[in-house]
Amino acid sequence: MSPRRSEKGKPLLPLKVTGTGSFLPEKRLTNDELAQFLDTSDEWIRTRTGIRTRHILSPEEIPATMGIRAAQRALTRAKRSPEDLDLLLVATNVPEEPIPGTAPHIALGLGMGKGAFADVSAGCAGFLYALAMAGAMLHAGMAETALVLGTEALSRFVNWQDRATCVLFGDGAGAVVLEKGQGASGILGVALRGDATKLGLLRIEAGGVRLPASSETVRAGKHFLQMEGKGLFRAAVGMMAEATRAALNQASLSLAEVDWLIPHQANLRIIEALVKRLRIPEGKVVVNIDRVANTSTASIPIALDELVQGGKVESGQILALTAFGAGACYGTVILRW
Ligand code: COA
(Lines give C-alpha, C1' and ligand atoms only; values in the text may rest on other atoms or scores of the structure.)
Protein backbone atom coordinates (compact mmCIF):
# COMPACT_ATOMS: atom_id res chain seq x y z
CA MET A 1 0.00 0.00 0.00
CA SER A 2 1.42 3.38 -0.83
CA PRO A 3 0.67 5.83 1.97
CA ARG A 4 -1.27 9.02 1.49
CA ARG A 5 1.16 11.94 1.36
CA SER A 6 0.87 15.01 3.51
CA GLU A 7 0.29 18.09 1.45
CA LYS A 8 3.11 20.48 2.21
CA GLY A 9 2.07 22.50 5.25
CA LYS A 10 -0.91 20.29 6.10
CA PRO A 11 -0.63 17.57 8.74
CA LEU A 12 -1.85 14.09 7.92
CA LEU A 13 -3.17 13.81 11.48
CA PRO A 14 -3.68 17.28 12.98
CA LEU A 15 -3.08 17.42 16.75
CA LYS A 16 -1.31 19.40 19.42
CA VAL A 17 1.08 17.99 22.01
CA THR A 18 -0.09 20.08 24.95
CA GLY A 19 2.04 18.48 27.66
CA THR A 20 4.96 16.13 28.16
CA GLY A 21 6.19 14.42 31.32
CA SER A 22 8.63 11.77 32.42
CA PHE A 23 9.67 9.88 35.50
CA LEU A 24 12.89 8.11 36.40
CA PRO A 25 13.22 6.06 39.60
CA GLU A 26 15.45 7.57 42.25
CA LYS A 27 17.91 4.69 42.48
CA ARG A 28 20.83 4.89 40.05
CA LEU A 29 23.13 2.03 39.14
CA THR A 30 26.49 3.01 37.70
CA ASN A 31 28.78 0.90 35.54
CA ASP A 32 31.27 0.72 38.40
CA GLU A 33 28.57 -0.65 40.68
CA LEU A 34 27.74 -3.31 38.07
CA ALA A 35 31.41 -4.25 37.90
CA GLN A 36 31.27 -5.13 41.60
CA PHE A 37 29.14 -8.22 40.88
CA LEU A 38 29.66 -8.83 37.14
CA ASP A 39 32.70 -9.57 34.99
CA THR A 40 32.50 -6.18 33.25
CA SER A 41 33.96 -2.69 33.46
CA ASP A 42 32.92 0.93 33.08
CA GLU A 43 35.30 1.18 30.13
CA TRP A 44 33.71 -1.79 28.27
CA ILE A 45 30.15 -0.58 28.81
CA ARG A 46 30.93 3.05 27.93
CA THR A 47 32.87 2.35 24.77
CA ARG A 48 30.50 -0.37 23.47
CA THR A 49 27.20 1.30 24.36
CA GLY A 50 27.67 4.91 25.54
CA ILE A 51 25.91 4.09 28.84
CA ARG A 52 27.34 5.40 32.13
CA THR A 53 24.45 4.88 34.50
CA ARG A 54 20.81 3.78 34.56
CA HIS A 55 17.80 4.16 36.89
CA ILE A 56 16.34 1.07 38.54
CA LEU A 57 12.92 0.93 40.15
CA SER A 58 12.70 0.06 43.84
CA PRO A 59 10.90 -3.07 45.09
CA GLU A 60 7.86 -0.92 46.01
CA GLU A 61 7.56 0.56 42.50
CA ILE A 62 5.89 -0.99 39.45
CA PRO A 63 5.56 0.25 35.86
CA ALA A 64 2.14 1.71 36.73
CA THR A 65 3.56 3.88 39.53
CA MET A 66 6.19 5.26 37.15
CA GLY A 67 3.61 5.74 34.42
CA ILE A 68 1.21 7.57 36.75
CA ARG A 69 3.94 10.02 37.81
CA ALA A 70 4.92 10.73 34.18
CA ALA A 71 1.26 11.10 33.20
CA GLN A 72 0.54 13.51 36.08
CA ARG A 73 3.44 15.72 35.03
CA ALA A 74 2.25 15.75 31.40
CA LEU A 75 -1.35 16.49 32.44
CA THR A 76 -0.28 19.35 34.73
CA ARG A 77 1.69 20.95 31.91
CA ALA A 78 -1.27 20.48 29.56
CA LYS A 79 -3.51 22.07 32.22
CA ARG A 80 -5.75 19.03 32.00
CA SER A 81 -7.18 16.67 34.58
CA PRO A 82 -7.38 12.87 34.25
CA GLU A 83 -11.18 13.14 33.82
CA ASP A 84 -10.56 15.08 30.60
CA LEU A 85 -8.93 12.05 28.99
CA ASP A 86 -11.03 9.98 26.67
CA LEU A 87 -8.14 7.80 25.55
CA LEU A 88 -5.11 6.32 27.31
CA LEU A 89 -2.68 4.14 25.34
CA VAL A 90 0.14 2.55 27.29
CA ALA A 91 3.09 1.19 25.34
CA THR A 92 4.81 -1.51 27.35
CA ASN A 93 6.40 -4.86 26.69
CA VAL A 94 5.88 -6.62 29.98
CA PRO A 95 2.44 -5.95 31.48
CA GLU A 96 1.82 -5.34 35.15
CA GLU A 97 0.29 -8.84 35.30
CA PRO A 98 -0.98 -11.16 32.52
CA ILE A 99 -4.62 -10.07 33.05
CA PRO A 100 -5.40 -7.20 33.05
CA GLY A 101 -2.57 -5.22 31.47
CA THR A 102 -0.90 -2.04 32.69
CA ALA A 103 -3.36 0.53 31.27
CA PRO A 104 -6.22 -0.25 33.71
CA HIS A 105 -3.82 0.09 36.66
CA ILE A 106 -2.70 3.49 35.36
CA ALA A 107 -6.29 4.60 34.64
CA LEU A 108 -7.24 3.65 38.21
CA GLY A 109 -4.22 5.33 39.79
CA LEU A 110 -4.75 8.50 37.76
CA GLY A 111 -8.46 8.68 38.49
CA MET A 112 -9.43 8.62 34.83
CA GLY A 113 -13.16 8.74 34.12
CA LYS A 114 -14.92 6.59 31.54
CA GLY A 115 -12.42 6.97 28.71
CA ALA A 116 -10.91 4.08 26.76
CA PHE A 117 -7.62 2.55 27.84
CA ALA A 118 -5.45 -0.22 26.43
CA ASP A 119 -1.90 -1.52 26.29
CA VAL A 120 0.07 -1.49 23.04
CA SER A 121 2.83 -4.04 22.61
CA ALA A 122 5.27 -3.43 19.75
CA GLY A 123 8.69 -3.85 21.33
CA CYS A 124 10.70 -0.70 21.90
CA ALA A 125 8.77 0.88 18.98
CA GLY A 126 5.57 0.61 21.05
CA PHE A 127 5.42 4.31 21.90
CA LEU A 128 5.50 5.26 18.22
CA TYR A 129 2.80 2.72 17.37
CA ALA A 130 0.64 4.10 20.20
CA LEU A 131 1.32 7.71 19.16
CA ALA A 132 0.20 7.00 15.59
CA MET A 133 -2.89 5.10 16.79
CA ALA A 134 -3.89 7.93 19.13
CA GLY A 135 -3.29 10.50 16.37
CA ALA A 136 -5.51 8.53 13.98
CA MET A 137 -8.25 8.19 16.60
CA LEU A 138 -8.20 11.93 17.31
CA HIS A 139 -8.37 12.64 13.60
CA ALA A 140 -11.26 10.20 13.16
CA GLY A 141 -13.23 11.91 15.92
CA MET A 142 -13.03 8.90 18.24
CA ALA A 143 -11.32 10.97 20.97
CA GLU A 144 -10.49 14.60 21.71
CA THR A 145 -7.89 14.36 24.46
CA ALA A 146 -5.49 11.44 24.67
CA LEU A 147 -2.56 10.44 26.82
CA VAL A 148 0.12 8.26 25.27
CA LEU A 149 2.58 6.69 27.62
CA GLY A 150 5.62 4.44 27.56
CA THR A 151 6.53 2.74 30.83
CA GLU A 152 9.00 -0.07 31.23
CA ALA A 153 10.77 -1.97 33.97
CA LEU A 154 13.02 -4.41 32.16
CA SER A 155 15.27 -4.52 35.23
CA ARG A 156 12.72 -7.06 36.53
CA PHE A 157 13.25 -9.30 33.49
CA VAL A 158 16.97 -9.23 32.82
CA ASN A 159 19.30 -11.87 34.18
CA TRP A 160 21.58 -9.91 36.49
CA GLN A 161 24.28 -12.53 35.90
CA ASP A 162 24.23 -12.07 32.13
CA ARG A 163 26.62 -9.22 31.41
CA ALA A 164 25.66 -9.14 27.72
CA THR A 165 22.10 -7.97 28.47
CA CYS A 166 21.67 -6.56 31.99
CA VAL A 167 24.08 -3.65 31.51
CA LEU A 168 22.00 -2.26 28.63
CA PHE A 169 18.66 -1.50 30.24
CA GLY A 170 17.19 1.05 32.66
CA ASP A 171 13.70 1.75 33.98
CA GLY A 172 11.49 4.80 33.44
CA ALA A 173 8.34 6.27 31.97
CA GLY A 174 7.43 9.10 29.61
CA ALA A 175 4.09 10.57 28.54
CA VAL A 176 2.49 13.04 26.15
CA VAL A 177 -0.95 14.65 26.17
CA LEU A 178 -2.41 14.97 22.69
CA GLU A 179 -5.35 17.15 21.79
CA LYS A 180 -7.34 17.34 18.61
CA GLY A 181 -6.01 20.18 16.48
CA GLN A 182 -6.92 22.08 13.36
CA GLY A 183 -3.77 24.05 12.67
CA ALA A 184 -0.44 23.23 11.12
CA SER A 185 0.86 21.09 13.99
CA GLY A 186 0.46 17.34 14.15
CA ILE A 187 1.70 14.11 12.63
CA LEU A 188 2.99 14.76 9.11
CA GLY A 189 4.28 11.31 8.30
CA VAL A 190 4.15 7.79 9.74
CA ALA A 191 6.08 4.70 8.71
CA LEU A 192 5.31 1.81 11.03
CA ARG A 193 7.05 -1.38 9.98
CA GLY A 194 7.88 -4.88 11.08
CA ASP A 195 10.13 -7.75 10.07
CA ALA A 196 8.73 -10.81 11.80
CA THR A 197 11.54 -13.01 10.44
CA LYS A 198 13.62 -11.31 13.13
CA LEU A 199 11.32 -12.05 16.05
CA GLY A 200 13.87 -14.39 17.59
CA LEU A 201 16.40 -11.61 18.13
CA LEU A 202 14.85 -10.37 21.38
CA ARG A 203 12.44 -12.35 23.50
CA ILE A 204 11.30 -13.65 26.85
CA GLU A 205 10.40 -17.23 26.00
CA ALA A 206 8.49 -18.43 29.03
CA GLY A 207 5.57 -17.18 31.07
CA GLY A 208 3.07 -16.94 28.21
CA VAL A 209 0.71 -19.43 26.60
CA ARG A 210 3.37 -20.98 24.38
CA LEU A 211 5.59 -21.91 27.30
CA PRO A 212 3.72 -21.50 30.58
CA ALA A 213 5.71 -20.97 33.75
CA SER A 214 6.95 -24.18 35.38
CA SER A 215 9.81 -25.12 37.66
CA GLU A 216 11.75 -26.25 34.54
CA THR A 217 11.28 -22.95 32.72
CA VAL A 218 12.45 -21.10 35.81
CA ARG A 219 15.45 -23.42 36.22
CA ALA A 220 16.37 -22.93 32.55
CA GLY A 221 16.23 -19.13 32.94
CA LYS A 222 13.60 -18.82 30.23
CA HIS A 223 11.79 -15.98 32.03
CA PHE A 224 14.76 -13.71 31.43
CA LEU A 225 15.18 -11.42 28.45
CA GLN A 226 17.28 -13.11 25.77
CA MET A 227 18.93 -11.15 23.02
CA GLU A 228 21.10 -11.63 19.95
CA GLY A 229 22.92 -8.35 20.31
CA LYS A 230 24.92 -8.47 17.10
CA GLY A 231 21.89 -9.35 14.95
CA LEU A 232 19.88 -6.50 16.46
CA PHE A 233 22.74 -4.07 16.04
CA ARG A 234 23.10 -4.96 12.36
CA ALA A 235 19.34 -4.67 11.68
CA ALA A 236 18.67 -1.52 13.72
CA VAL A 237 20.43 1.12 11.63
CA GLY A 238 18.90 0.00 8.31
CA MET A 239 15.41 -0.28 9.78
CA MET A 240 15.38 3.17 11.38
CA ALA A 241 16.99 4.82 8.33
CA GLU A 242 14.46 3.24 5.96
CA ALA A 243 11.46 4.17 8.13
CA THR A 244 12.72 7.74 8.59
CA ARG A 245 13.13 8.24 4.84
CA ALA A 246 9.66 6.76 4.20
CA ALA A 247 7.95 8.90 6.86
CA LEU A 248 9.68 12.04 5.59
CA ASN A 249 8.64 11.18 2.06
CA GLN A 250 5.03 10.90 3.21
CA ALA A 251 5.43 14.26 4.94
CA SER A 252 6.84 15.77 1.72
CA LEU A 253 9.90 16.83 3.70
CA SER A 254 13.64 16.32 3.25
CA LEU A 255 16.16 15.18 5.85
CA ALA A 256 17.57 18.71 5.90
CA GLU A 257 14.22 20.01 7.15
CA VAL A 258 14.35 17.92 10.34
CA ASP A 259 15.03 20.12 13.40
CA TRP A 260 15.29 17.30 15.96
CA LEU A 261 15.93 13.59 15.53
CA ILE A 262 14.90 11.59 18.61
CA PRO A 263 16.13 8.03 18.12
CA HIS A 264 15.42 5.11 20.43
CA GLN A 265 18.27 5.03 22.95
CA ALA A 266 19.55 1.46 22.64
CA ASN A 267 23.23 1.96 21.92
CA LEU A 268 25.19 5.15 21.20
CA ARG A 269 27.04 3.38 18.38
CA ILE A 270 23.70 2.53 16.72
CA ILE A 271 22.63 6.19 17.01
CA GLU A 272 25.96 7.39 15.58
CA ALA A 273 25.73 4.98 12.64
CA LEU A 274 22.15 6.09 11.94
CA VAL A 275 23.09 9.77 12.07
CA LYS A 276 26.00 9.14 9.73
CA ARG A 277 23.77 7.26 7.30
CA LEU A 278 21.10 9.99 7.32
CA ARG A 279 23.70 12.78 7.34
CA ILE A 280 21.89 14.67 10.09
CA PRO A 281 24.11 17.14 12.01
CA GLU A 282 24.96 15.89 15.52
CA GLY A 283 23.54 19.05 17.11
CA LYS A 284 20.06 18.04 15.97
CA VAL A 285 20.19 14.59 17.56
CA VAL A 286 18.81 13.97 21.05
CA VAL A 287 20.97 11.63 23.14
CA ASN A 288 20.49 10.77 26.83
CA ILE A 289 21.53 7.11 26.80
CA ASP A 290 24.56 7.91 29.00
CA ARG A 291 22.21 8.74 31.91
CA VAL A 292 19.17 6.53 31.32
CA ALA A 293 20.34 3.53 29.21
CA ASN A 294 17.72 1.67 27.16
CA THR A 295 14.30 2.29 28.75
CA SER A 296 12.50 0.54 25.88
CA THR A 297 9.03 2.05 25.24
CA ALA A 298 9.82 4.95 27.59
CA SER A 299 12.99 5.94 25.75
CA ILE A 300 11.50 8.34 23.18
CA PRO A 301 8.97 10.10 25.44
CA ILE A 302 11.64 10.60 28.15
CA ALA A 303 14.05 12.12 25.61
CA LEU A 304 11.25 14.26 24.16
CA ASP A 305 10.25 15.52 27.60
CA GLU A 306 13.84 16.44 28.45
CA LEU A 307 14.11 18.35 25.18
CA VAL A 308 10.82 20.19 25.77
CA GLN A 309 11.58 20.99 29.44
CA GLY A 310 14.98 22.29 28.31
CA GLY A 311 13.07 24.89 26.27
CA LYS A 312 14.60 23.64 23.04
CA VAL A 313 11.51 22.87 20.96
CA GLU A 314 9.88 25.76 19.15
CA SER A 315 6.49 25.93 17.56
CA GLY A 316 6.62 24.83 13.93
CA GLN A 317 9.76 22.71 14.32
CA ILE A 318 9.97 19.28 12.71
CA LEU A 319 10.70 16.31 14.98
CA ALA A 320 11.58 12.84 13.67
CA LEU A 321 11.01 10.09 16.24
CA THR A 322 12.41 6.68 15.28
CA ALA A 323 12.68 3.33 17.04
CA PHE A 324 13.27 -0.40 16.61
CA GLY A 325 12.90 -3.35 18.93
CA ALA A 326 11.42 -6.77 19.62
CA GLY A 327 9.24 -8.22 16.93
CA ALA A 328 11.09 -6.81 15.05
CA CYS A 329 8.77 -3.79 15.09
CA TYR A 330 10.21 -0.48 14.00
CA GLY A 331 9.12 2.85 12.65
CA THR A 332 9.30 6.63 12.45
CA VAL A 333 6.77 9.35 13.21
CA ILE A 334 7.29 12.89 11.91
CA LEU A 335 5.74 15.61 14.06
CA ARG A 336 5.35 19.31 13.48
CA TRP A 337 5.37 21.02 16.91
N1 COA B 1 31.32 -6.49 29.80
C2 COA B 1 32.45 -7.05 29.32
N3 COA B 1 32.46 -7.88 28.27
C4 COA B 1 31.29 -8.17 27.70
C5 COA B 1 30.08 -7.62 28.14
C6 COA B 1 30.13 -6.76 29.25
N7 COA B 1 29.03 -6.18 29.75
N8 COA B 1 29.07 -8.08 27.37
C9 COA B 1 29.64 -8.88 26.45
N10 COA B 1 30.97 -8.95 26.65
C11 COA B 1 31.97 -9.70 25.90
C12 COA B 1 31.39 -10.86 25.16
O13 COA B 1 31.27 -11.98 26.02
C14 COA B 1 32.41 -11.05 24.08
O15 COA B 1 33.50 -11.76 24.62
P16 COA B 1 34.29 -12.85 23.73
O17 COA B 1 34.84 -12.06 22.57
O18 COA B 1 35.30 -13.34 24.68
O19 COA B 1 33.26 -13.85 23.33
C20 COA B 1 32.91 -9.64 23.78
O21 COA B 1 32.52 -8.85 24.91
C22 COA B 1 32.32 -9.03 22.53
O23 COA B 1 30.95 -9.25 22.56
P24 COA B 1 30.06 -8.79 21.37
O25 COA B 1 28.65 -9.33 21.58
O26 COA B 1 30.73 -9.08 20.11
O27 COA B 1 30.05 -7.23 21.60
P28 COA B 1 29.39 -6.12 20.70
O29 COA B 1 30.41 -5.15 20.27
O30 COA B 1 28.47 -6.68 19.65
O31 COA B 1 28.48 -5.36 21.75
C32 COA B 1 26.21 -5.19 22.46
C33 COA B 1 27.45 -6.07 22.41
C34 COA B 1 25.08 -5.97 23.14
C35 COA B 1 26.52 -3.95 23.27
C36 COA B 1 25.80 -4.77 21.02
O37 COA B 1 25.77 -5.91 20.20
C38 COA B 1 24.43 -4.11 20.98
O39 COA B 1 24.22 -3.06 21.54
N40 COA B 1 23.47 -4.68 20.22
C41 COA B 1 22.15 -4.13 20.11
C42 COA B 1 21.36 -4.44 21.32
C43 COA B 1 20.07 -3.72 21.37
O44 COA B 1 19.91 -2.71 20.74
N45 COA B 1 19.13 -4.22 22.17
C46 COA B 1 17.89 -3.62 22.44
C47 COA B 1 16.99 -3.57 21.27
S48 COA B 1 15.59 -2.58 21.62
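The values are calculated or read from the model by the stated rules, or taken from the named source; none is laboratory data. Quantities reported herein were computed from a predicted structural model and do not represent experimental measurements. FYI the Cβ positions are ideal-geometry reconstructions off the backbone, even for glycines, and counts take in every protein chain you see. Ligands, DNA and RNA are stripped out before the accessible areas are found, and what is left, the full protein with its side chains, is counted by its heavy atoms. Shrake-Rupley method; radii C 1.70, N 1.55, O 1.52, S 1.80 Å.
Structure values in brief
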{"read-out": "Residue under evaluation N93, criteria (1) within 16 Å of the ligand (Cβ to nearest atom); (2) under 22 Å from L24 (Cβ atoms); (3) open to solvent by 20 Å² or more (accessible area, probe 1.4 Å); (4) part of a helix (DSSP H, G or I), criterion not met", "value": "(4)"}
{"read-out": "Lone unmet requirement of (1) buried (at least 18 other Cβ atoms within 10 Å of the Cβ); (2) within 16 Å of the ligand (Cβ to nearest atom); (3) within 30 Å of D42 (Cβ to Cβ) for A173", "value": "(2)"}
{"read-out": "Test: residue in region 156-164 that is open to solvent by 10 Å² or more (accessible area, probe 1.4 Å), within 16 Å of the ligand (Cβ to nearest atom), farther than 20 Å from R54 by Cβ and modelled with pLDDT of 95 or more", "value": "no"}
{"read-out": "Conditions (1) modelled with pLDDT under 95; (2) surrounded by 14 or more Cβ atoms within 10 Å (Cβ to Cβ): number failed by A266", "value": "(1)"}
{"read-out": "Per-region count, region 193-234, residues touching a Leu at 6+ places or on another chain (Cβ under 7 Å) and either open to solvent by less than 50 Å² (accessible area, probe 1.4 Å) or under 28 Å from V258 (Cβ atoms) (or both)", "value": "6"}
{"read-out": "Selected residue (criterion: least open to solvent (accessible area, probe 1.4 Å)) from residues of region 283-314 that are away from the ligand (no atom under 16 Å from the Cβ) and either of a type in the set (D, E, K, R) or modelled with pLDDT under 95 (or both)", "value": "D305"}
{"read-out": "Leading residue by the ranking (surrounded by the most Cβ atoms within 10 Å (Cβ to Cβ)) among those in region 41-64 that are within 13 Å of the ligand (Cβ to nearest atom), farther than 16 Å from N294 by Cβ and among the polar types (S, T, N, Q)", "value": "S41"}
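Here is a yes/no grid of residues against (1) open to solvent by less than 40 Å² (accessible area, probe 1.4 Å); (2) closer than 26 Å to P11 by Cα:
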site	(1), (2)
G67	yes, no
A74	yes, yes
R77	no, yes
L85	yes, yes
E97	no, no
G111	yes, no
G115	yes, yes
A130	yes, yes
H139	no, yes
